[in-house]
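Report on the following structure.
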C-alpha cells in the first residue's frame with residue numbers, strides 16, 4: 001500500500017522520500033504490481049484530487065478498488081471456465097460461494113504480494129480448467145512465481161505434473177512454456193526492481209539490513225525464497241548431550257504452526273460450511289463423466305475433472321505444510337480452485353446427485369417442462385435444503401467476521417483521531433507547528449498507511465500551516481522517544497515517559513455471549529445454560545483499548 005501511495009503522490013524520481021527507503025521491511029518486494037495499480041488509478045485519482053472531489057485517504061480506497069476490479073475480472077474469467085468445463089449451474093454456485101465467503105473477498109483488494117499473485121494465478125487456473133490454453137497457464141504460473149510470489153512455484157509444479165500426466169502438452173512444450181514465463185518475468189523484475197531497491201534508493205542502514213551491499217541488481221522473489229528456504233540446525237538432544245537436526249526457516253521467527261494447521265484450521269475457516277460441504281460432495285459422491293471440449297468444432301483435449309482439480313489444490317497445501325510458518329493468506333492462490341471443486345459439488349448435490357455438476361438435472365428439467373413438469377424427488381429436496389443451510393451458515397459467519405474486521409484495525413482509526421485531536425486546540429497542550437509522530441510496530445500493522453498521513457510540509461499557499469512528519473523507526477526505545485524529539489505517539493503502550501495520554505482507541509478483542517445478566521465466552525456450556533433458562537442468547541463483539549495516542553509534555557513538566 002505504501003508503494004502505491006509513493007508512486008501516486010511522489011513519483012518514481014523521488015525515491016529518497018519513498019517509505020521503503022527508510023523502512024524497507026524484512027525482504028524486498030517487487031514494485032511491478034504496485035506500479036500497475038498506481039498507473040491504473042493515477043488518472044481518476046489525479047482528477048478527483050485536483051477538483052477536490054476526494055481527500056487523500058479516499059485516494060487509498062480508490063486504489064484498493066482498482067485492485068479489486070482486477071481481482072473480480074480474474075474471478076469472472078474463472079467462472080466462465082467453470083461454465084465451459086462443467087455447467088452453468090456450477091458457475092453460478094462458484095460466484096455465490098465466493099461472494100458469501102469472508103477471507104477471499106477480504107483479501108481481493110489488499111495490496112499484498114499474495115493478492116497480486118492470485119490475480120495472475122486465477123487467470124492461469126481458468127486456462128487450465130477449461131483446457132483452452134494450458135501452455136499459457138504454465139507461462140502465467142511461472143511468471144507469477146518469478147516476479148510476484150515465489151511460493152507459486154509449488155502450484156506451477158503440481159499443475160505442470162497434471163499437464164504432463166494427462167498428456168495435455170508434450171514434455172518439451174511444457175518446459176519451454178514454464179521457462180519462457182519464469183525467465184521473462186525474472187528479467188522484468190530485476191530490471192524494474194533494481195531501480196527501486198538499488199543502493200541509490202535506500203538508506204545505508206536499509207542496504208545493510210537487506211544484505212544488498214554487494215550488488216546493484218535485485219531480484220526480490222529470489223531473496224524471499226532464500227529467506228524462507230528451510231535449513232537444518234543442530235539442537236541439544238536432551239540430557240544425553242546428543243544433537244538433533246531441526247528444520248526451520250527465517251520466517252519461523254514470526255511463529256510456527258503444526259503441519260496439519262492448513263487442513264484443520266485455515267481451510268475450514270476460508271471455505272466455510274458451504275465450501276466444505278461442496279468439496280466433500282465433489283470428491284466423494286459426484287458422478288462426473290469425462291467430456292471432450294469443443295473449440296470451434298474441433299476437439300481440443302479433456303476438461304480438468306473436479307477430482308483432479310481437488311488433487312492439485314491439495315498437493316499445493318501438502319507441499320506448503322512443510323514450511324513451519326503458516327498463514328491463511330498463503331493459501332490464496334488455491335482458494336479459487338477449492339471453490340471451483342466445491343461449486344461443482346454443490347451444483348451436483350442441488351441436482352440430486354445427477355453428475356456433471358448439474359448438467360443432467362438441468363436438461364431433465366427443461367425436458368419435463370414440455371411434458372407437464374415433474375417435481376424434484378425427496379432426495380433432491382433434502383440435498384437442496386442441506387446446500388441452502390450451508391450457504392446460509394457461511395453467510396452468517398461472514399457477517400460476523402465482517403463486523404469483527406471493522407473493529408480490527410484501530411491503528412488507522414487512531415491516526416485519524418490524532419489529527420482531529422491536534423486540530424482541536426481546546427484539547428491538551430497546543431501542538432507545535434512542526435509535528436513529529438512516531439508510529440510503533442503494533443500501530444503500523446493495524447491499519448496505518450501513508451494515505452492517512454498529512455502533508456509533510458506546508459503548502460505554498462499557506463506558509464503558516466503546520467507540517468507533519470512520521471517515523472516507524474523500530475530502534476527507538478520508549479524511554480528514548482522524548483529525547484528523539486517526537487511530539488506525538490501512536491503506540492500500543494498506555495504510558496510513555498515524557499508524554500501525556502490523549503486518547504485510547506479500542507479494537508476487537510473477541511466474542512462474548514450474553515445470557516440474561518451473565519456474560520461469558522461462547523461455549524456449549526453457555527448455550528446449554530441459555531436453553532435451561534429459556535433465555536435467548538445474544539452474541540456481541542467485545543472491544544478493549546488497543547492503541548494509545550500521546551502528546552509530548554512541556555520540557556519543564558517532563559523534567560519534573
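The values are calculated or read from the model by the stated rules, or taken from the named source; none is laboratory data. The structure displayed is predicted, hence computed values, not measured ones. Neighbour counts run over all protein chains shown; Cβ positions are idealised from the backbone, glycine included.
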Discussion item. Six or more apart or on different chains, Cβ atoms under 6 Å: show the pairs whose first residue is in region 118-145 and without any contact (Cβ under 8 Å) to a residue 12 or more places away in the chain and not assigned by TED's automatic domain parsing to the domain that holds residue 81 and whose second is surrounded by fewer than 24 Cβ atoms within 10 Å (Cβ to Cβ) and assigned to a helix (DSSP H, G or I).
Written reply: none
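Rundown of residues vs (1) modelled with pLDDT of 60 or more; (2) crowded, with 16+ Cβ neighbours inside 10 Å; (3) part of a helix (DSSP H, G or I); (4) not assigned by TED's automatic domain parsing to the domain that holds residue 388, yes/no style:
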site: 216; (1), (2), (3), (4): yes, no, no, yes
site: 226; (1), (2), (3), (4): yes, no, yes, yes
site: 247; (1), (2), (3), (4): no, no, no, yes
site: 262; (1), (2), (3), (4): yes, yes, yes, no
site: 267; (1), (2), (3), (4): yes, yes, yes, no
site: 274; (1), (2), (3), (4): yes, yes, yes, no
site: 278; (1), (2), (3), (4): yes, yes, yes, no
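Output yes when any residue across region 37-55 is touching a residue at least 60 places away in the same chain (Cβ under 8 Å) and either under 30 Å from residue 387 (Cβ atoms) or surrounded by fewer than 18 Cβ atoms within 10 Å (Cβ to Cβ) (or both), and no when none is.
Step one: list which residues in region 37-55 are touching a residue at least 60 places away in the same chain (Cβ under 8 Å), which gives 37.
Add one more test, that the residue is either under 30 Å from residue 387 (Cβ atoms) or surrounded by fewer than 18 Cβ atoms within 10 Å (Cβ to Cβ) (or both), and what stays is none.
No, the conditions are met nowhere in region 37-55.
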Worksheet item: For region 156-172, does any single residue satisfy the condition of being modelled with pLDDT of 95 or more, surrounded by 16 or more Cβ atoms within 10 Å (Cβ to Cβ) and within 21 Å of the chain's Cα centre (by Cα)?
Response: yes
Fill in: Single unsatisfied condition, residue 172 versus (1) in a helix (DSSP H, G or I); (2) under 21 Å from residue 332 (Cβ atoms)
(2)
Item to complete: Scan region 175-187 and give yes if some residue there is in the same structural domain as residue 305 (by TED's automatic domain parsing), part of a helix (DSSP H, G or I), at pLDDT 95 or above and loosely packed, with under 12 Cβ neighbours inside 10 Å, otherwise no.
Response: no
Worksheet item: Given the conditions (1) in contact with a helix residue (DSSP H, G or I) (Cβ under 6 Å, 6 or more places away or on another chain); (2) farther than 23 Å from residue 279 by Cβ; (3) at pLDDT below 95, and given that residue 130 satisfies all but one, which numbered condition is not satisfied?
Response: (2)
Response to the item:
Scanning region 390-419 residue by residue, the ones that are touching a residue at least 12 places away in the same chain (Cβ under 8 Å) and under 18 Å from residue 349 (Cα atoms) total 4
Worksheet item: Which number in (1) under 22 Å from residue 549 (Cα atoms); (2) touching a strand residue (DSSP E or B) at 6+ places or on another chain (Cβ under 8 Å); (3) at pLDDT 90 or above marks the one condition that residue 403 misses?
Response: (1)
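Filter region 532-547 for residues that are touching a residue at least 60 places away in the same chain (Cβ under 8 Å) and touching a helix residue (DSSP H, G or I) at 6+ places or on another chain (Cβ under 8 Å); which is farthest from residue 482 (Cα to Cα)? So that I can check it myself, show each step before the final result.
In the first step, residues of region 532-547 are kept if they are touching a residue at least 60 places away in the same chain (Cβ under 8 Å); the result is 539, 541, 543, 546-547.
When the remaining residues are screened for being touching a helix residue (DSSP H, G or I) at 6+ places or on another chain (Cβ under 8 Å), the result is 539, 541, 546-547.
Values: 539: 43, 541: 36, 546: 22, 547: 19 Å.
In this case the residue turns out to be 539.
Can you spot a residue in region 411-420 that is at pLDDT 70 or above, assigned to a helix (DSSP H, G or I) and more than 30 Å from residue 26 (Cβ to Cβ)? Can you show your working first?
Our first condition is that a residue be at pLDDT 70 or above; within region 411-420, this holds for 411-420.
Subsequent filtering for residues that are assigned to a helix (DSSP H, G or I) retains 411-420.
Filter again for more than 30 Å from residue 26 (Cβ to Cβ), leaving 420.
The answer is yes, given that some residue of region 411-420 is at pLDDT 70 or above, assigned to a helix (DSSP H, G or I) and more than 30 Å from residue 26 (Cβ to Cβ).
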Worksheet entry | Top-ranked residue of region 508-528 - restricted to ones that are touching a residue at least 24 places away in the same chain (Cβ under 8 Å) and exposed (fewer than 15 other Cβ atoms within 10 Å of the Cβ), ranked as farthest from residue 446 (Cα to Cα) | 511
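Considering only residues of region 56-68 that are more than 17 Å from the chain's Cα centre (by Cα) and touching a residue at least 40 places away in the same chain (Cβ under 8 Å), which is farthest from residue 415 (Cα to Cα)? It would help to see each step written out before you state the result.
Residues of region 56-68 that are more than 17 Å from the chain's Cα centre (by Cα), as a first pass: 56-59, 62.
Now narrow it down to the ones that are touching a residue at least 40 places away in the same chain (Cβ under 8 Å): 56-57, 59.
Values: 56: 14, 57: 11, 59: 16 Å.
Looking at the filtered set, the residue picked out is 59.
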